[in-house]
Amino acid sequence: MSTVTLLSLLESEPGEYVSGEEISRKLNVSRTAIWKQVRKLEAEGYEIEATPRLGYRLLGKPSRLTVQELLPKLNTRSFGKNLRLFDVVGSTQDELRALAEQGAPEGTVVVAEQQTSGRGRMGRAWVSPAGKGVWMSLLLRPSVPLPLTPQLTLLAAVALSRAITRLVPLTIGIKWPNDLLVDGRKISGILLESAAEDERLRYVVVGLGISANLDAEDYPEELLEKAISLKMAAGQPVPRSELIAAVLEQFEQLYALYLEQGFAPIRALWEAHAVTLNRTVTLTTPQGLVEGVPRGLDDMGGLRVELPDGSFRTIYSAEVGTR
Ligand code: BTN
């Protein structure tokens, strides 16, 4: 008997007793085997009450993520099926990269409760306190030309935005390329790191950070006006396991669409969610400041910006600031 099945049985009757006899019958196991599994779940932080004659009932779940809870929630074909959960890591990006080098399959996921060196774009640190967010990395092994990998960044933003809005009633806007904003404040970040050899893409590690249940005191002072958590924005905590399952489901669906139909449908979805289009912005590019009005994406995923003289320039790397 796996703990997954016992847990699902107890979860199907929240707060109610399920008799030992019913469990034995449904799972085809002995009373001793049930007891062993109960002890195992308790060791993982589940609170289970065992009462003679009445049976077992689930009184509390660990606030920590568990594989037992996560796996049955996954509505995916392969994404997340190979799942590694860690309490503390430096960065989930590094853990997943090591697994990728050992041949881990596409869809492998690393999740951590806490990152001590979480990293963001442009060499920034990513605040990743214990038990409060979704800090995860997803392995992709697409056969697409290396220069097209930025398209996956945009795909990731659409997937995250769709997943979050399925669970939390918030309006989310995407700031190019992939920041998700609620009322102009960042709730999540995406970091793509690729491994290539001889101009050929070997794999992509997609880092996804969702500030799910952070409280104001979890943020450094200077970030507070720029960042917000889903809990702070929506006024209630978000179940992290549901969020992870929703992200993987949306990601797998959009990725399949992308591999089948190319970038066009992703581009249309991204543009529909974008908040940085058709208004004047300042872009900090590696070549200097550019002011203009972004009008949409090009075929590669670059941002097409209309300059004050009416000409167009495509930007592939920049930080967008609104005026
Ligand atoms: C950004 O907006 O700057 C990107 C932030 C990406 C953060 C995630 S959290 C999981 C993964 N591990 C990391 O170290 N970074 C990414």
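The values are calculated or read from the model by the stated rules, or taken from the named source; none is laboratory data. No experiment lies behind these values; they were computed from the predicted model shown. Note that each Cβ is placed from the backbone with ideal geometry, even for glycine, and that neighbours are counted across all protein chains shown. To get the accessible areas, we keep the full protein, side chains included, count just its heavy atoms, and leave off ligands, DNA and RNA. Shrake-Rupley method; radii C 1.70, N 1.55, O 1.52, S 1.80 Å.
Using +1 at the C-beta of Lys and Arg and -1 at the C-beta of Asp and Glu, which of 142, 32, 99 has the Cα lying farthest in the positive direction of the dipole of the chain?
32
Relative to the longest principal axis of the chain, what angle (0 to 90°, nearest 10) does the C-alpha long axis of helix 92-101 take?
90
What is the dipole size for region 67-272, taken about its Cα centre, with +1 at each Lys and Arg Cβ and -1 at each Asp and Glu Cβ, in debye to the nearest 20?
The dipole magnitude comes to about 360 debye.
In whole percent, and with a 1.4 Å probe on the protein chains, what portion of the accessible area of region 276-322 is carbon and sulfur?
Details: 1120 of 2360 Å².
Using a 1.4 Å probe with all protein chains present, region 276-322 comes out at 47 percent carbon and sulfur.
DSSP loop (so not H, G, I, E, B), at most 12 other Cβ within 10 Å: list which GluC sites (Glu not before Pro) in region 1-95 pass both filters. Don't skip to the answer; put the middle values down first.
Working: sites: 11, 16, 21, 22, 42, 44, 47, 49, 69, 95; in loops: 16, 44.
Sites meeting the loop and neighbour criteria: 16.
Taking the Cα centroid of region 246-287 and of region 117-158, what is the distance between the two, rounded to the nearest whole Å?
With region 246-287 and region 117-158 each reduced to a Cα centre, they are spaced 14 Å.
If a/c stays under 1.5 just call it rounded; otherwise compare a/b with b/c (prolate if a/b is bigger, oblate if not). Do that for region 276-322, with a ≥ b ≥ c from the square roots of the Cα gyration tensor eigenvalues.
Rounded.
Return one whole number: the accessible area per residue of region 79-206 in Å², for a 1.4 Å probe. Don't jump to the answer; show the numbers that get you there.
Details: 4950 Å² over 128 residues.
Accessible surface, normalised per residue, equals 39 Å².
Using Cα atoms only, what is the angle between the long axis of helix 264-273 and the major principal axis of the chain, expressed in degrees (0 to 90) to the nearest 10?
Here the helix axis deviates by roughly 90 degrees.
If R0 is 45 Å, what FRET efficiency do you get for residue 236 and residue 259 from their C-beta distance, rounded to 0.05? Don't jump to the answer; show the numbers that get you there.
Details: r = 36 Å, r/R0 = 0.81.
It comes out at approximately 0.80.
Might you report the magnitude of the Cβ-based charge dipole of region 3-60 about its Cα centre, with Lys and Arg at +1 and Asp and Glu at -1, to the nearest 20 debye? Walk me through the intermediate numbers first.
Numbers: 8 positive and 9 negative charges, 66 e Å.
In total the dipole reaches around 320 debye.
Please give the solvent-accessible surface of residue 194 in Å², to the nearest 10, using a probe radius of 1.4 Å with every protein chain present.
Rounded to the nearest 10, the figure is 50 Å².
With a 1.4 Å probe and all protein chains in place, put 304, 31 in order of accessible area, largest first.
Working: 304 85, 31 140 Å².
Final ranking, largest accessible area leading: 31, 304.
Counting other C-beta atoms within 10 Å, and keeping those with at most 15, which DSSP coil GluC sites (Glu not before Pro) do you find in region 133-227? Working shown, then result.
Details: sites: 193, 197, 199, 217, 221, 222, 225; in loops: 199, 225.
Answer by residue number: 199, 225.
Please work out the C-alpha center-to-center distance from region 165-195 to region 16-56 and express it in whole Å.
41
Taking only the C-alpha atoms, wrap a convex hull around region 1-73 and report its volume per residue in Å³ as a whole number.
On the way: hull volume 5.8 nm³, N = 73.
Convex hull volume per residue, Cα atoms: 79 Å³.
Quick one: helix 150-167 against the long Cα principal axis of the chain, what's the angle to the nearest 10°, folded into 0 to 90?
Tilt relative to the chain: about 50 degrees.
Accessible area of residue 289, 1.4 Å probe, to the nearest 10 Å²?
130
Quick one: how many lysine pairs does the chain have with C-alpha atoms less than 25 Å apart and a gap of 8 or more or different chains? Give me the count, please.
Qualifying lysine pairs in the chain: 28.
If I stretch the segment between residue 28 and residue 8 completely, what's the gain in nm (0.36 nm per residue apart, minus their alpha carbon distance), one decimal? Walk me through the numbers on the way to the answer.
Numbers: separation 20, 0.36 × 20 = 7.20 nm, distance 1.47 nm.
Contour length minus the Cα-Cα distance gives 5.7 nm.
Express the carbon and sulfur contribution to the solvent-accessible surface of region 193-239 as a percent, rounded to the nearest whole number, probe 1.4 angstrom. Could you put the intermediate results ahead of the total?
Details: 1040 of 2390 Å².
Ligands and nucleic acids excluded, carbon and sulfur reach 43 percent.
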